[in-house]
1. Picking from B:Val278, B:Val274, which residue would you name as being in a loop (DSSP other than H, G, I, E, B) and within 25 Å of B:Ser441 (Cβ to Cβ)?
2. Select, from B:Phe222, B:Phe232, the only residue that is in a helix (DSSP H, G or I), in the same structural domain as B:Leu40 (by TED's automatic domain parsing), under 21 Å from the mean Cα position of the chain (by Cα) and not charged (D, E, K, R).
3. Which condition from (1) in a helix (DSSP H, G or I); (2) crowded, with 19+ Cβ neighbours inside 10 Å is the one that A:Pro143 breaks?
4. In the stretch B:406-441, which residue that is assigned to a helix (DSSP H, G or I) and among the aromatic types (Phe, Trp, Tyr) is nearest to B:Arg465 (Cα to Cα)?
5. Of all helices (runs of 4 or more DSSP H) completely enclosed by the stretch A:176-287, which ones contain at least 3 residues that are surrounded by fewer than 18 Cβ atoms within 10 Å (Cβ to Cβ)?
6. Does the stretch B:42-64 hold any residues that are in contact with a strand residue (DSSP E or B) (Cβ under 6 Å, 6 or more places away or on another chain) and aliphatic (A, V, I, L, M), and which are they?
7. Just one of the numbered conditions (1) over 24 Å from B:Gln297 (Cβ atoms); (2) assigned to a loop (DSSP other than H, G, I, E, B) is not true of B:Arg403; which one?
8. If you go through the stretch B:342-365 one residue at a time, do you hit one that is under 30 Å from B:Asp404 (Cα atoms), modelled with pLDDT under 90, assigned to a loop (DSSP other than H, G, I, E, B) and assigned by TED's automatic domain parsing to the domain that holds B:Ser417?
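The values are calculated or read from the model by the stated rules, or taken from the named source; none is laboratory data. Quantities reported herein were computed from a predicted structural model and do not represent experimental measurements. With ideal geometry, Cβ positions are generated from the backbone for all residues, glycine too; neighbour counts draw on all protein chains shown.
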Amino acid sequence: MGVAVVKLSDTTLGRVMRRPKGVIAGTWLILVVFVAVFAPYLTPYEYDIQDLPNAFRAPDAAHWLGTDEFGRDMLTRIMYGARTSLSVSTIAIGISVFCGMCLGAASGYFGGRFDRAVTAVIDLTWSFPEILVALILVAIIGPGVTGAMVAIGVAYLALFTRLTRSQIMAIKSETFVEASLSLGASHGHILMRHLLPNALAPVIVAAMLATGDAIILEATLGFFGLGAQPPTPSWGGLMSSGTAHMFKAPWIIIIPGVAVAVTVFAINLFGDALIHALDVRARVRES
Amino acid sequence: MKFNKHLLAASVSIASMNAMAPVVFAQEATIVLPSNTVGLTSYNPVTAILTNAAAFLIFDRLVEVDAARNYHPHLAESWEEAEDGMSWVFHLKQGVTFHNGVPFNAQTIADWLPLYDGTDNAYYTAAIDSIQVVDEYTVKFVMKHPEPNLLYNLAIMGVPEPKSFVAMGENFGVTETIGTGPYKLESFDIGQQTVLVRNDDYTWGSPVAKNTGPAKFEHLTFREIAEASTAFLELKTGGVDMLLSVPADFVPEVEKQSDLKLVSVPGRELVYMVMNVVKEPFNDIKVREAAALAINQQEILDNIYGGIGQVADTFLISALPEAKVADEYRIAFNPDKANALLDEAGWTMGADGVRMKDGQPLKVSLWTQSDSVFRRLSEVVQAQLKAVGISAEIGTFDSAMIRDQYKSGEQQVAVRSYVWDNADIVDWFFGGDRLGYPNISMFNDPKAEDLRAAAMTGSKSSDERIANFTAYHEYVLSQFPVAPIYQPVVSVAYNTSRISMPEVFDAPGIGSTVLMDMAPVE
């Protein structure tokens, strides 16, 4: 079984990487993750040490992407900013996927009053835009990385709860579930071994696409000054400080903007390739 | 082809209309208020603790002040002070009427001044014992004690119509505002904009302005824009005609634009860092002194403000005589002493560059307002504090809301500024009866209160007042509730294709007398 799992993921990833957009997007994402993880080893500069006489330097040999309004190297800030953006968005989506799947699976499988209560609450949050939910939560928790993570996580909870619930509802009436039940399998066994694995594919794709949205949401919170607090860089925070110097030093706002745009585009491309790779019908046709 | 013919006919007719139309000058101008006056909640001249240029156009004052800080007549034509300072007689201008038609006379003054009792601004009139109406246009103030600052206060205090003021209560200054000024309030959207319409009957302008008759613009719109880059973009693209305060950052940008003109006048603003003396760790005077000495004013002047303006080393703008304190009270950058003081206070440097005491790191919350100049300044202050081992986490608040936040008393340290050119600002920000806001530092010291009382009410002459305020100011500085940072100059930028202004501004700031000489470009 272990071998089979490895093989399955290999083939899924393989199928994604077989498509040109999968390769391009995958390469960019690997590069961003690599830069984020190894930032301290890749740059000679510190992200938080100010060098005021060197503020607003245009891109040159010493500072490839120029310096910001405090003389800090922009490339270094972008690299450390990738840490913030990626970790906040993936952890936040991780929170919402985990909680959403638990809630969705339980309400979809057991139904009844619990289901109605969960659906009512989820529908209520679903009726607000994610940014509004996130802003309200940040106002309660307080600005900062933790606040942003929780806020984004809760903002996307509705998506994964609804998605999992609908998947579970569709599969739970299948005959193999009935067969399992008549063989004496517990609810936990059925949920964990039969229902959730079958509901996983669309959740993975949705999680991938939501991560892209979460990066934008994190940047938005950062832009409003509600994300990572200075001197910790985040892409949204960098853009926010760049707005004040748009005329003098346009690179301060343009570069993080490009980083957000390209990364989110890559995530969407990759997600797109993943949709095709995980598509059950396509897999059947290939076999 | 048919279409083209129609188009040609249409353009010919438009061209001929243009040729026939009389030349109409723009009768309205849009002005952006300085970001530090954003959040004004009322134009009530008696209770408001924040004011702006529009308020100075709605209300007139008894006297006006020029650039050299000499006093000139306005609603008062002349005045005499008794030799012992115990009474003042004011001769009022005749023929002045309020916006609602009520005549202005001596009774107006007698009804107006008692309205200050019990408000935050009660100190303006605290020295006046009683007001006597001598005749219709003569009024006499009998004093409790001499008040050398009376003319200064009267040059700030806008005169409202007292009967409407009382009748309208809280609504006065919000829904309707009645003064004798060159403009009437047309609409006021709190936090957004104030629209004024010209008072066509106005003939009683102060001689400090060249124009003493009705204003040249029919409508003036004052907009509140907290963000400097937005305000500058609006000016550049023609959305607004004038910025009353251009941040130093944007001065080179304005100078690059051929249709924009920049006029600089000596500033009345002081940028400073204030510490809460009752909250850890700043309840220890050594930590306060260390934090104050960690601030590198020159570095901030050179890099944040492009070298425009000057550093501050006292709590008062340097043009004031009370700013001339003994050298030992001046607060200037001294990192070695800062480090030594923190060592003495028991805060030892930790491995991560943050000092520790009893297992607790030296971490503070640094509050600031959300506009970009303050955010940037705060980040530099954060780095300068970090250099001596104080870790500051920046908390940003909306510029319009931060004063309410201070009232909670939760602040530890904040970076902010004030605009004022009188030594009584020390009383305003450090008086023991104004804790929270305006006394953000929560400073309440018995010795300071004695010195304060002597300065505010115990001075018989101008010289004595200067000496008393200097002593009070020195004592406050010696307790380090504050670290002075910077004194800007005020740079006004306007669109020369829309507005003409006098070459020299004969006023300490951009007040009503300057705006009265503003005219549309022909």
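1. Numbers: B:Val274 fails: in a loop (DSSP other than H, G, I, E, B).
It is B:Val278.
2. Values: B:Phe222 fails: in a helix (DSSP H, G or I).
Result of the check over B:Phe222, B:Phe232: B:Phe232.
3. (1)
4. From the stretch B:406-441, those assigned to a helix (DSSP H, G or I) are B:406, B:425-430; that's our starting set.
Adding the requirement that they be among the aromatic types (Phe, Trp, Tyr) leaves B:406, B:428-430.
Values: B:Tyr406: 30, B:Trp428: 16, B:Phe429: 18, B:Phe430: 17 Å.
Per the criteria, the residue is B:Trp428.
5. Values: elements: A:196-223, A:235-243, A:251-278, A:280-286.
Per the criteria, A:196-223, A:251-278, A:280-286.
6. As a first pass, look at the stretch B:42-64 and keep what is in contact with a strand residue (DSSP E or B) (Cβ under 6 Å, 6 or more places away or on another chain): B:44, B:54, B:57-58, B:62-64.
Of everything in the stretch B:42-64, those that are in contact with a strand residue (DSSP E or B) (Cβ under 6 Å, 6 or more places away or on another chain) and aliphatic (A, V, I, L, M) turn out to be B:Ala54, B:Leu57, B:Ile58, B:Leu62, B:Val63.
7. The one condition B:Arg403 does not meet is (2).
8. Within the stretch B:342-365, not a single residue is under 30 Å from B:Asp404 (Cα atoms), modelled with pLDDT under 90, assigned to a loop (DSSP other than H, G, I, E, B) and assigned by TED's automatic domain parsing to the domain that holds B:Ser417.
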